[in-house]
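S.K.: Below is a structure I'd like to ask you about.
The values are calculated or read from the model by the stated rules, or taken from the named source; none is laboratory data. Since the model is a prediction, treat every value here as computed from it, not as a measurement. Every residue, glycine among them, receives a Cβ derived from its backbone with ideal geometry; neighbour counts consider all protein chains shown.
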Amino acid sequence: MPRLNAATRHRVAFTLNGRPVSLEAEPRLLATDALRHGLGATGTHVGCEHGVCGACTIQIDGQPARACLTLAVQLEGAAVTTVEGLAPERDRLSVMQAAFRRNHALQCGFCTAGILVSLDAYLREQPAPSEQDLREVVGGHLCRCTGYTPIIRAALEAAACLRGEPLSQPSDREPAHV
Amino acid sequence: MKIETISWTGQSLERVEDAALLTGRGRFIDDLGVRPGTLHAAILRSPHAHADILSVDVAAAAVMPGVAAVITGRDLARLTTPMVAGLKVAVENWPMAVERVRYVGEPVAIVVAADRYLAEDGLDAIEVEYRPLPCVVDPLASLEPDAPVLHDRAGGNLVSDRRFRYGDPKAAFAKAAHRVEVTIAYPRNTGAPMETFGVVAEYDPHEDAYDVLANFQGPFSIHAVLARCLKVPGNRLRLRMPPESGGSFGVKQGVAPYAVLIGVAARIAGAPVKWIEDRLEHLGAAVAATNRVTTLKAAVTAEGRITALDWDQLEDCGAYPRAPEPATLYRMHGNMTGAYDIANIAIRNRVVLTNKAPTGLVRGFGGPQVYYALERLMQRIAAELGLDPLAVIRTNLIPGGAFPYRTASGALYDSGDYVKAFDLALAEGRLADVQARRDAARAAGRRYGIGFAAVVEPSVSNMGYITTVLTAAERQKAGPKNGAQATATIALDPVGSVGVHVASVPQGQGHRTVLAQVVADVFGMPCEAIRVVVDLDTGKDAWSIASGNYSSRFAAAVAGAAHLAATRLRDKLAMIAAAQLGVAPAQIGFAGGAVFAKGNPASTLPFARVAALSHWSPALLPAGVDQAIRETAFWTPPELSAPDEEDHVNSSLCHGFIFDMAGVEVDAETGKVRIDRYVTMHDCGRVLHPGMVEGQIRGGFAQALGATFYEELAYADDGAFLTGTFADYLLPTATETPDIEILHIETPSPFTPLGAKGVGEGNCMSTPVCLANAVADALGVAQLDLPLTPARIAALVAAPEPALPESHRERAVGPGAAKPGDRTLRGQGQARVAAPPDVVWAMLLDVDALASIIPGCHGVEKLSETHFKADVTIGVGPVKGRYKAQIMLSDLDAPRAATLSGSVSGALGTGGGSGRVTLTTAGEGGTLIAYTYEAAVGGKVAAIGGRLLDGAAKAIIGQFFAALSRRAAPARPGFIARLLGRRP
Amino acid sequence: MKPAAFDYIRARELPEALEALARHGADARVIAGGQSLLPMLNMRLARPAVLIDIMGIAGLDRVERDGDLIVVPAVVRQAALMKRPGLSGEQPLLAAALPWLGHYQTRARGTVCGSAAHADPSAEIPLCLVALDGEVRLRSRRRWRSVRAADFFGGMMVTDKADDELIEAVAFPAAMTGTGYAFREVARRHGDFAIVGCAAVVTRDAIHLAVAGVADKPQRRSFPPLKGSALTDALNGFAWDLEARDDFHATARLRRDLVRSLGLSTIGEAQRCLA
C-alpha cells in the first residue's frame, strides 16, 4: 500500500486543463499551493483556506472541489480543470466568461475564477437551470463586490446561449430571504 | 468646467480589466513572482485579550528545519519607533506587542522560514509566558473608574473628549415642542475583501532603505507614518502596489502595520520576506469598523420640523488608536445633519480604547454609525408625534434651491435636489405598490413593514477633517491640514500612443476602463487606443498625501485629474498642430484619431504624428510649447479648507444624495426577514460609467445587508474573539441577496472637473437603517440594534414562553447563557462511585491519583497542597492539543465538598473554569459525586471552533469524572461507564 | 494556515485501511471527502500523524439495497446519493434533507459517512439517520458491528466508533407504505448548519420527531398520534427536554420556540403526505 512519508516530497502526476503535469509534493501540501506556486496556475485564488469562500474551486474529474480542502497528493491521476482551462483559445473568452464581462458580473475579480468553474460544472449537469438553481450554486461562493445579481444574470444568459436560445429576460425573481 | 465632446464617458463599456481576470491571468500580489531566496513569514498572535508578556522563548523555533529568523516585539522595538496616531495621547502604537498584549490576535512574534508551512511549524515551537490581566471590551464599561486601563501612561481609556456647538442648540431645545431621543449601540463589522493582505519586503543595509510591495490602497498619509516608524526618510521607503487587488472596501489600509513588520523581518532575516495573511488572521486582527454608542436627541416642532440635534458619540477604537483613527468619528463631521436643514447642533465626541482589535477604514467609514442613529430618530419622531414618516423626512429636507448649501457644522453641499429625488423615488406607483403589499399582508395577519432612509453620501474627504479632533489651539501648533491632492499623468510615446497613470490603485473599481474613456474623449480617440497603468511605485510615480483609493474619490477627483492632465496636453498638441496647419490653436479639433482645422476637412494630421513630434523633432515645437510628451496634473479643490477657529469643517468635497425605501416581511416564528421590495434613489452627480455605478450600488447594498442581518465581529466579555472564520462571520450569499430597483437623478457637482461625485459607500450608510426602520415598522418596536439576527427579532415579538410542563418540573434545566455570544460553558452532572467519600476525597489531593484522572495527562507537579501543575493532551475527535494546565483546590470542606478551578494554555488557545464538587455518601460504601462547572475558552479555539466547544468541554469533564470513578472503584468499571453514558 | 506534517496512506483495499487503523489508532485519521477534516488540518486543530485516504478503495462507492435498508458505503459522496434515481420515492426524507446539506460544491466532495463520522449535532445526515432509526456499520480488523444511529452519536465529533474502526457504511431504512415523511430546517443562511432542523416520520399509530441543532446530538422522540393541544404540549415538553443552549447564532429560547413551531409544521407536513 503506498505510504507517503511526511518529511519527503513525492511525485504527483495528473492532467491540468488537458495537459499532463507533475510536481513534487509533501503529503501536507494543499492543492491550492501546488497549482499556484508549484505549477504557476495562479488563476485559482485562495480566500479562506477553510472551504467556505469558494474562490479556490476547481474541477476534479469534472466535479467541483475546493482546492483548499484538497491535498496535492489527492490529485494523483485526476483530470483537473481550473479557470485557465475554460476558454476555448488563449485569446478568446468562453460563452460564460463573455457573459460575465457583458453583465459586469465581476469587479475585483478575485472570487470570479471559482464561480466560473462551479458554473461550468453545473451547466453540464443542468443545462436549463432556473434562477433559483443558479442562486444556490453561486450560493457556494462569496463575492464581496457585485451583490450577486449581475452574476446570476450572466449565468442565465450564458446558459441560454449555450442552449442555442436567443437572449431572454430572466424569469420571475424569487425574493431572497435573509 | 465641462468637456466639449463626449462619446465614451457615460457609456457602460465592457471593462478592459475583465478578460485577464476571467481567464485567470490577474496579477494579484500572491500571483506575482518573488526573487529567488525569498523567505516566508508567519505570525504568532496573542490568545489573550490583555496580558503582560513575561517571556518569549524562541530557542526551539529558531533551530527548526527551514527557519531563518524569529522576530519578537523587542527586536521590533530596537529597529523602529511606535506608529503615530491622529491623537495627542500617550499611547505607544507598536505594530507588534512589546511588553503587553491588548487584544486577541495581536502579533507577538514572527517566524521567517523557507516556506509558509515551515514558518507555521516554527510558530508551534515558540513558548510565550503571559500573565493575564483583567480586560474590558465594552466601551461604556471602559469609561468606568475601576475599568482595567490598557495603556498605563495614558492614564485611562478615554483618549479624546471634545464638545462642539454650532448655532444655539440649547435655546432650540429649550423652546422645542417635543424632544425625541434614540440610543444606539452600533456593532463592529468589516469589509472582508476576498483577498487578504499581502506584503513582500526587502531591506538594503547599505542604503538603509526598505522596498515594500503590498496590496495597500494608499500611499496617502500613511506613507509618512510608515517611514517615520521605520526610522527612514520617505525616499528610503519605496512602497509599491500590484496592478490588481482583490477588494478592499477601506480595509486594505490596514496592511500598513504589516509593511513595517515584514520590512523589519526582512531586515533581520537578511533576505526578502513574503507574508500572505490568512483568513483567520484577517477576521481577527485586520481592520474593524468602529463600534459606537450614540445617544441622539432632537428638538422638534409640533409639525415635525427639527430645530436642533444633540449628538453624544462614544467611539470604540479598540486597543490602539491606529492612524488615521479617530478618523471614523470625524469623517462625517460636516454632515452630522444629514440631508436635513437643521441650524443648531451640539456634539460630544469621545474616543475610548478597549481590548479589541484596532479599527480603521471600512466602506461607509462613519456613515453607517451616524445614519443609523439619525434615520432611526426620524422614524421615532414620526412615531412619537403621530406623523407620517415621509412627511417628517420631506419637511426637513434641504430645499432644492439652497445649493451650494452650508451646513451648521461647516460642510458645503455641492449640489442636489433632495426633494425632487425623494418625490421621484416614491412616484410611478412605487410607494403605492409597497403600501398595497403591506396592507394586504397585514390584512392576512402577517408582519409587513416599510422603512425609509435619506442620506447624504460624502466623498473626496478633506485631509484636514481629522484635525477637528484637536482643539483650535492644538491645530494651530501642528499647522493647518487641508485639501485632497489628486494626480494623474498622461504620456505620449515616440509613436504617438497615449499612456495614462494615476496614483490610485483600484480594488475592482474599473479605473483602467473609466480613465481610458475620459482620456479618449479629450483626444478624440478610440477608447481602446488608450492604455492605462494603475500599479503604483512611490519611488518613481507622482503621488501626494491624499493619493490612494478611498473616500470614493476616484470618479470625482482622480478621473478629474486625468481629464485635467489630458486637457493640458491636448492644448499643447493643438498649438503644435496649429503651427503645422497654419491656423490658430482655437481652430484645432480632435476627433476620430485625427487632429484637424475646424471647418477645413482637408487640413488634417494623424493624431500620432502630432503626438510624436516632441520626441522626433522638438525643433519644430512652436513658441510657448516646451514639450508635449508627458503632463502630470495635480488637482485639489479650493473648497476643502482647514477647520476654522469655531471648528467648522468642510469634511468632504462632494455630497451625493440617497433615498431608500424598503418593504419587508418578518416571520415572527423564525425571526427571519424577507425583503419584498427595495428601491434606492441616487444622485451621484454625473455618471461616468452606468454599469460600474450600478455595480457600486449593488455591492454596497449587499455589504449593508450583511451588516444588517449577519455580520458582527463579536467578542465575549472576557475578550475572547468569537467570529474568526467564515462559518461564524457570515457574509450574505446569492441566496440571501435580493435584486433591487436603482433610480438616478443627476445634479453634476460644480466642484469636480467632470461633475462626478463618489458613489461607492452610500448604500452602506443608507441600507442598514432603511431595513431596520422597515423591521421596526413591521414589529411596532422602538429599539433595534444590529445585526438583526433571528434570535433578536424573535425575542422582540415573542409571547411569553410556554412553561416547562408540570411533569418536567423536577428535571433540572441547564442554565442558559446571559446573552448571545456569551460562550461560558455551564453544566452539571453526577456520578455514583463504589468507594466511600474519604477515599474519593484523598484522590483529589493526591498527585499520582490526579495524574491518572486528568484526561491526557503527561505528568503532574505538586506546587502546594492544593495547587498542581500538569502537562495534558486534551480534545475531542481529531481536535487535540497539548496544554499546560494549572489546577487549584479551594473552599475545602473535607470530605464533603471542594471547588476545583483550573486553567490551560497551549497552541490552540486558553481555557479556564471552575467547578464545585460535592461528595455524599450513597448506599453502602458508595459516594455520589455531584458537580457543576463553568468554563470559558479563549484564543484560537474560541475564534474558530465555537461549535466544538460545548461538546468538547462536556466530553473532557466527563472524562475526568469517569476516570475518577474508575480509579475510586476499579472493580466495577462497567457500572461507572454505564452511568456516565459513554467511554472516554 | 497550513497543515502540520503527516504521513499519507493511499489505501486501495479495505483491509489495507483497516490494517493501518489497527496500527496507528488514535494517531491516524481517515480522510474521505475531507470537507470537515481539511479545515481542521489547515487550522491545525487536528494534527494526526497519519492520514488514511479511503477514496481509492474499490467497491465502497455504490449505494445498494439490503432488504429494506438503503446502504450507503464509505466512499459515496453526498451528491451521488442526492442524484440516486428514484430517491424521493425510496426515501423522501433523505431526498428532502440532502439539498440543505452544505452547497453544491461541498456535496460533490463530501461523503455521507464522513458527515456521520463528524457527528455535528446540527447536520442533516445524522438527523436523518436518527429520525429513520437507521444504523451505522463499523468495521475494524477485529470485528464488524452495526450500531443504531441513536447509540452511535455522542456529540460533536464524539461517536461510538473506536479508534481502529472505520464507518464502512450507513444504512437508512427505505420508505414504508403508510408512513409520511417531512423535513424542515431553519438556518441563518442557505447551506449553513441548522439552528434547528426537524425530521418527522409519521404513521397512523405514531409520530416520531427528530430534532437537530438543539441538543448535543440529534434526538428523536416518539408520540402517540396526538392532536391539538395534546400535541403542542408534548412538543413543549420535548423542547424543554433538549436543554437548548445559547450560542453566537441563536438563543436557547429561539431554539425551543423552533422545536415547538417547526416541529409542529414538520409533523403536519408528514401527516399530509400520509393522507
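S.K.: From B:Gly719, B:Gly691, which residue is within 10 Å of chain A (Cβ to nearest Cβ) and either modelled with pLDDT under 95 or over 28 Å from C:His190 (Cα atoms) (or both)? Show your work before the answer.
M.R.: Working: B:Gly719 fails: within 10 Å of chain A (Cβ to nearest Cβ).
After applying the criteria, what remains is B:Gly691.
S.K.: Taking B:Ala227 as meeting all but one of (1) touching a residue at least 40 places away in the same chain (Cβ under 8 Å); (2) within 24 Å of B:Glu325 (Cβ to Cβ), write down the number of the exception.
M.R.: The number of the failed condition is (1).
S.K.: On to the next question. Look through A:Arg36, A:Arg90 and report the one residue that is within 12 Å of chain B (Cβ to nearest Cβ), among the charged types (D, E, K, R) and in a loop (DSSP other than H, G, I, E, B). I'd like the intermediate steps shown before the answer.
M.R.: On the way: A:Arg36 fails: in a loop (DSSP other than H, G, I, E, B).
Of A:Arg36, A:Arg90, the one residue that is within 12 Å of chain B (Cβ to nearest Cβ), among the charged types (D, E, K, R) and in a loop (DSSP other than H, G, I, E, B) is A:Arg90.
S.K.: Please verify whether region B:462-485 includes one or more residues that are in a strand (DSSP E or B), in contact (Cβ under 8 Å) with a residue 60 or more places away in the chain and not hydroxyl-bearing (Ser, Thr, Tyr).
M.R.: Step one: list which residues in region B:462-485 are in a strand (DSSP E or B), which gives none.
No: region B:462-485 contains no residue that is in a strand (DSSP E or B), in contact (Cβ under 8 Å) with a residue 60 or more places away in the chain and not hydroxyl-bearing (Ser, Thr, Tyr).
S.K.: With the condition being buried (at least 22 other Cβ atoms within 10 Å of the Cβ), modelled with pLDDT of 95 or more and in the same structural domain as B:Cys229 (by TED's automatic domain parsing), I'd like the strands (runs of 3 or more DSSP E) fully within region B:1-101 carrying at least 3 qualifying residues.
M.R.: On the way: elements: B:39-45, B:51-57, B:67-72.
Of the strands (runs of 3 or more DSSP E) lying wholly inside region B:1-101, those with at least 3 residues that are buried (at least 22 other Cβ atoms within 10 Å of the Cβ), modelled with pLDDT of 95 or more and in the same structural domain as B:Cys229 (by TED's automatic domain parsing) span B:39-45, B:67-72.
S.K.: Which condition does B:Val111 not pass, out of (1) touching an Asp or Glu at 6+ places or on another chain (Cβ under 8 Å); (2) over 20 Å from B:Asn355 (Cα atoms); (3) surrounded by fewer than 21 Cβ atoms within 10 Å (Cβ to Cβ), if it passes all the others?
M.R.: (3)
S.K.: How do the strands (runs of 3 or more DSSP E) wholly within region B:538-640 filter down when requiring 2 or more residues that are touching a Lys or Arg at 6+ places or on another chain (Cβ under 7 Å): which remain? Step through it out loud before you land on a result.
M.R.: On the way: elements: B:588-591, B:594-597, B:600-606, B:630-635.
In region B:538-640, B:588-591, B:630-635 are the strands (runs of 3 or more DSSP E) which contain 2 or more residues that are touching a Lys or Arg at 6+ places or on another chain (Cβ under 7 Å).
S.K.: With the structure loaded, tell me whether B:Ala898 is in contact with a helix residue (DSSP H, G or I) (Cβ under 9 Å, 6 or more places away or on another chain), part of a strand (DSSP E or B) and either more than 14 Å from chain C (Cβ to nearest Cβ) or modelled with pLDDT of 85 or more (or both) or whether it fails that test.
M.R.: Details: in contact with a helix residue (DSSP H, G or I) (Cβ under 9 Å, 6 or more places away or on another chain): yes; part of a strand (DSSP E or B): yes; either more than 14 Å from chain C (Cβ to nearest Cβ) or modelled with pLDDT of 85 or more (or both): yes.
The answer is yes for B:Ala898.
S.K.: Among the residues of region B:694-712, which ones are of a type in the set (Gly, Ala, Ser) and either free of Cβ contacts under 8 Å to residues at least 24 places away in the same chain or within 11 Å of another protein chain (Cβ to nearest Cβ) (or both)? I'd like the intermediate steps shown before the answer.
M.R.: Just the residues of region B:694-712 that are of a type in the set (Gly, Ala, Ser), to begin with: B:695, B:699-700, B:702, B:704, B:706-707.
Matches in region B:694-712: B:Gly695, B:Gly699, B:Gly700, B:Ala702, B:Ala704, B:Gly706.
S.K.: Looking at region B:767-797, which of its residues are of a type in the set (A, V, I, L, M, F, W, C), assigned to a helix (DSSP H, G or I), within 14 Å of chain C (Cβ to nearest Cβ) and closer than 23 Å to B:Ala714 by Cα?
M.R.: Let us first name the residues in region B:767-797 that are of a type in the set (A, V, I, L, M, F, W, C), namely B:769-772, B:774-776, B:778-779, B:781-782, B:784, B:786, B:788, B:791, B:793-797.
Add one more test, that the residue is assigned to a helix (DSSP H, G or I), and what stays is B:769-772, B:774-776, B:778-779, B:791, B:793-797.
With the extra rule that they be within 14 Å of chain C (Cβ to nearest Cβ), the set shrinks to B:791, B:793-797.
Those that are of a type in the set (A, V, I, L, M, F, W, C), assigned to a helix (DSSP H, G or I), within 14 Å of chain C (Cβ to nearest Cβ) and closer than 23 Å to B:Ala714 by Cα: B:Ala791, B:Ile793, B:Ala794, B:Ala795, B:Leu796.
S.K.: Sticking with this structure for a sec: Within region A:114-124, does at least one residue satisfy the condition of being part of a loop (DSSP other than H, G, I, E, B), facing another protein chain (nearest Cβ under 10 Å), in contact with a Ser or Thr (Cβ under 9 Å, 6 or more places away or on another chain) and free of Cβ contacts under 8 Å to residues at least 60 places away in the same chain?
M.R.: Here is the first cut: in region A:114-124, the residues part of a loop (DSSP other than H, G, I, E, B) are none.
No; the residues of region A:114-124 include none that is part of a loop (DSSP other than H, G, I, E, B), facing another protein chain (nearest Cβ under 10 Å), in contact with a Ser or Thr (Cβ under 9 Å, 6 or more places away or on another chain) and free of Cβ contacts under 8 Å to residues at least 60 places away in the same chain.
S.K.: Give me the residue from region C:78-111 that is hydroxyl-bearing (Ser, Thr, Tyr) and crowded, with 19+ Cβ neighbours inside 10 Å and, out of that set, farthest from the other protein chains (Cβ to nearest Cβ). Walk me through it before giving the result.
M.R.: Step one: filter region C:78-111 for residues hydroxyl-bearing (Ser, Thr, Tyr), giving C:88, C:104, C:106, C:111.
Adding the requirement that they be crowded, with 19+ Cβ neighbours inside 10 Å leaves C:104, C:106, C:111.
Working: C:Tyr104: 5, C:Thr106: 7, C:Thr111: 13 Å.
Among those residues, the one meeting the criterion is C:Thr111.
S.K.: Here are some residues: C:Ala234, C:Ala252. Which one is among the hydrophobic types (A, V, I, L, M, F, W, C), surrounded by fewer than 24 Cβ atoms within 10 Å (Cβ to Cβ), facing chain B (nearest Cβ under 10 Å) and more than 25 Å from C:Arg189 (Cα to Cα)? Let's see the steps before the verdict.
M.R.: Numbers: C:Ala252 fails: more than 25 Å from C:Arg189 (Cα to Cα).
None of the other options fit; the residue is C:Ala234.
S.K.: Something else about it: Quick check on B:Arg609: is it on the phi < 0 side of the Ramachandran plot, modelled with pLDDT of 95 or more and touching an Asp or Glu at 6+ places or on another chain (Cβ under 8 Å)? Write out each step before concluding.
M.R.: Working: on the phi < 0 side of the Ramachandran plot: yes; modelled with pLDDT of 95 or more: yes; touching an Asp or Glu at 6+ places or on another chain (Cβ under 8 Å): no.
No: the conditions fail for B:Arg609.
S.K.: On to the next question. Within region B:381-407, can you find the residues that are surrounded by 21 or more Cβ atoms within 10 Å (Cβ to Cβ) and part of a loop (DSSP other than H, G, I, E, B)?
M.R.: Listed by number, the residues that qualify are B:Ile398, B:Thr407.
Residue by residue, here is whether (1) buried (at least 24 other Cβ atoms within 10 Å of the Cβ); (2) of a type in the set (Val, Ile, Thr); (3) at pLDDT below 95; (4) in contact with an Asp or Glu (Cβ under 9 Å, 6 or more places away or on another chain) holds:
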site	(1), (2), (3), (4)
C:Lys161	no, no, no, no
C:Ala175	no, no, no, yes
C:Ala187	no, no, no, no
C:Val196	yes, yes, no, yes
C:Leu209	yes, no, no, no
C:Gly213	yes, no, no, yes
C:Asp216	no, no, yes, yes
C:Arg220	no, no, no, yes
C:Phe223	no, no, no, no
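S.K.: Can you work out which of the residues in region B:731-752 that are over 16 Å from B:Gly699 (Cα atoms) and touching a helix residue (DSSP H, G or I) at 6+ places or on another chain (Cβ under 9 Å) is nearest to the other protein chains (Cβ to nearest Cβ)? Let's see the steps before the verdict.
M.R.: Within region B:731-752, the first condition is being over 16 Å from B:Gly699 (Cα atoms), and the residues that meet it are B:744-752.
Add one more test, that the residue is touching a helix residue (DSSP H, G or I) at 6+ places or on another chain (Cβ under 9 Å), and what stays is B:744-745, B:747, B:749, B:751-752.
Numbers: B:His744: 16, B:Ile745: 21, B:Thr747: 25, B:Ser749: 24, B:Phe751: 27, B:Thr752: 22 Å.
Taking the candidates together, the pick is B:His744.
S.K.: Run B:Gly479 past the list (1) more than 28 Å from B:Met332 (Cβ to Cβ); (2) not assigned by TED's automatic domain parsing to the domain that holds B:Val392 and report the number of the one that doesn't hold.
M.R.: Of (1) more than 28 Å from B:Met332 (Cβ to Cβ); (2) not assigned by TED's automatic domain parsing to the domain that holds B:Val392, only one is false for B:Gly479: (1).
S.K.: I'm trying to understand the selection: among the residues of region B:835-876, which are hydroxyl-bearing (Ser, Thr, Tyr) and either in contact (Cβ under 8 Å) with a residue 40 or more places away in the chain or closer than 22 Å to B:Thr920 by Cβ (or both)? Full working, then the answer.
M.R.: Residues of region B:835-876 hydroxyl-bearing (Ser, Thr, Tyr): B:852, B:864, B:866, B:873.
B:Ser852, B:Thr866, listed by residue number.
S.K.: Now, a different point. For B:Asp521, which of the numbered conditions (1) in contact with a helix residue (DSSP H, G or I) (Cβ under 7 Å, 6 or more places away or on another chain); (2) surrounded by fewer than 24 Cβ atoms within 10 Å (Cβ to Cβ) fails to hold?
M.R.: Every condition holds for B:Asp521 apart from (1).
S.K.: State yes or no: is A:Ala78 small (Gly, Ala, Ser) and more than 11 Å from chain B (Cβ to nearest Cβ)? Lay out the reasoning, then the answer.
M.R.: Values: small (Gly, Ala, Ser): yes; more than 11 Å from chain B (Cβ to nearest Cβ): yes.
Yes, satisfied.
S.K.: Shifting gears a bit: With the requirement that a residue be among the acidic types (Asp, Glu) and touching a helix residue (DSSP H, G or I) at 6+ places or on another chain (Cβ under 6 Å), what does region B:451-492 give you? Spell out the reasoning first.
M.R.: So in region B:451-492, the residues among the acidic types (Asp, Glu) come out as B:457, B:474.
Within region B:451-492, B:Glu457 is the sole residue that qualifies.
S.K.: Same structure again: Among the candidates B:Ala963, B:Ala971, single out the residue that is over 30 Å from B:Pro107 (Cβ atoms), at pLDDT 80 or above and surrounded by fewer than 22 Cβ atoms within 10 Å (Cβ to Cβ).
M.R.: Details: B:Ala971 fails: at pLDDT 80 or above.
Within the list B:Ala963, B:Ala971, the selection yields B:Ala963.
S.K.: Residues B:Leu140, B:Leu150: which one is among the hydrophobic types (A, V, I, L, M, F, W, C), assigned to a helix (DSSP H, G or I) and touching a Leu at 6+ places or on another chain (Cβ under 8 Å)?
M.R.: Working: B:Leu150 fails: assigned to a helix (DSSP H, G or I).
Matching residue, one of B:Leu140, B:Leu150: B:Leu140.
S.K.: Next question, about the same structure. Going by the conditions given, is B:Ala578 touching a residue at least 12 places away in the same chain (Cβ under 8 Å) and either closer than 23 Å to B:His501 by Cβ or within 53 Å of the chain's Cα centre (by Cα) (or both)?
M.R.: Numbers: touching a residue at least 12 places away in the same chain (Cβ under 8 Å): yes; either closer than 23 Å to B:His501 by Cβ or within 53 Å of the chain's Cα centre (by Cα) (or both): no.
Considered against the rule, which asks whether it is touching a residue at least 12 places away in the same chain (Cβ under 8 Å) and either closer than 23 Å to B:His501 by Cβ or within 53 Å of the chain's Cα centre (by Cα) (or both), B:Ala578 comes out as no.
S.K.: Ok, one more. If you scan region C:11-37, which residues turn out to be within 11 Å of chain B (Cβ to nearest Cβ) and either closer than 20 Å to B:Tyr117 by Cα or not in a helix (DSSP H, G or I) (or both)?
M.R.: Taking region C:11-37 and keeping what is within 11 Å of chain B (Cβ to nearest Cβ), we get C:26-31, C:36-37.
Those that are within 11 Å of chain B (Cβ to nearest Cβ) and either closer than 20 Å to B:Tyr117 by Cα or not in a helix (DSSP H, G or I) (or both): C:Ala28, C:Arg29, C:Val30, C:Ile31, C:Ser36, C:Leu37.
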